[in-house]
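One structure below.
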Amino acid sequence: MGQKIQELGPENVAAFIAEPVQASLGLIIPPSSYFPEIQRICERYDVLLISDEVVTGLGKTGKMFGFQSFDFQPDLFTLAKGLSSGYFPISCVAIGVKVGDLFRRTDRTFVHGFTNCGHPVGAAVALENIAVIEDEGLIEKVHDDTGPYLAGRLKEFLDFPFVGEVTSIGIIGAIEIDITKVKPHEFANYDADGLKASSFVPPVKWDTFPQWIQRGTGSNEKATERARPSLAWQGSNAARAEQK
């Protein structure tokens, strides 16, 4: 990244923007050293670091914001559906100290705005939603209960020969389907939905999965199924209730 900035010229690079977890095309969880190094490079060349928290914000990684799970501090970050848990359309840009101080020091006006900026209903819904998240300890629940439970349940899919890998952080998970790992005739041992185990694969209890497993992107040979339950998902509590 530093080489690319030098190639373009630091004066020509305004910002670096990224999701803490790459969740739009499959699921890529970076190593713990990735974003601290990105932040070091941005600070060196005076490039703003922007965190896209539309997917990871408001508790999905087990922290309030995704950047907190990867030990970096963005200059700005974006939020959207998580602000209201999808109950009302709303989004925002949060401004850090570096950018905020610049606004306070200048006598120039930053002209911006859209028709529905500062919508009172959106603001009220967002505030109430955040209060529920905090009052019910939903972020702690993701960190201590539903996140680990999801990780364990996803590992069950490794029993299928056509599953390449499973990965998750908090309640964001994915299953990689890799048909190159299986010979064509072996698919005859699976029923039409492709999920029930054959006689040579241990069965997977997937009854609580379908409502929030989404078909992701991929090629003819590989695809990623994304698992994104809500903050209110009962996880292991639901499983214990079913066993009673």
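The values are calculated or read from the model by the stated rules, or taken from the named source; none is laboratory data. All figures in this text were calculated on a predicted structure; none of them were measured in a lab. Quick reminder, even Gly has a Cβ in these numbers, built from the backbone with ideal geometry, and neighbours come from all protein chains shown.
A few comments on the model shown:
- Of the residues making up region 20-36, at least one is under 18 Å from Ile171 (Cα atoms) and in contact with a helix residue (DSSP H, G or I) (Cβ under 7 Å, 6 or more places away or on another chain).
- Summed over region 57-75, residues that are in a helix (DSSP H, G or I) and crowded, with 21+ Cβ neighbours inside 10 Å total 3.
- Answer residue from region 57-72, given it is among the charged types (D, E, K, R) and over 11 Å from the mean Cα position of the chain (by Cα) and is farthest from Gly235 (Cα to Cα) among those: Asp71
- One residue from Ile95, Ile130, Ile172, Ile179 being in contact with a strand residue (DSSP E or B) (Cβ under 9 Å, 6 or more places away or on another chain) and assigned by TED's automatic domain parsing to the domain that holds Ile28: Ile95
- Extreme residue, surrounded by the most Cβ atoms within 10 Å (Cβ to Cβ), among residues of region 47-56 that are free of Cβ contacts under 8 Å to residues at least 60 places away in the same chain and assigned to a loop (DSSP other than H, G, I, E, B): Glu53
- Single match in Val142, Val93, Val182 (criterion: farther than 22 Å from Val55 by Cβ and among the hydrophobic types (A, V, I, L, M, F, W, C)): Val182
- Residue match in region 157-174 (condition: at pLDDT 55 or above and at positive phi): yes
- Within region 1-42, tally of residues that are part of a helix (DSSP H, G or I) and more than 16 Å from Phe67 (Cα to Cα): 11
- For Leu25, the conditions (1) touching a Phe, Trp or Tyr at 6+ places or on another chain (Cβ under 9 Å); (2) under 25 Å from Gly147 (Cβ atoms) all hold with the exception of (1).
- Qualifying residue in region 29-52 (condition: modelled with pLDDT of 95 or more, more than 25 Å from Thr146 (Cβ to Cβ) and basic (Lys, Arg)): yes
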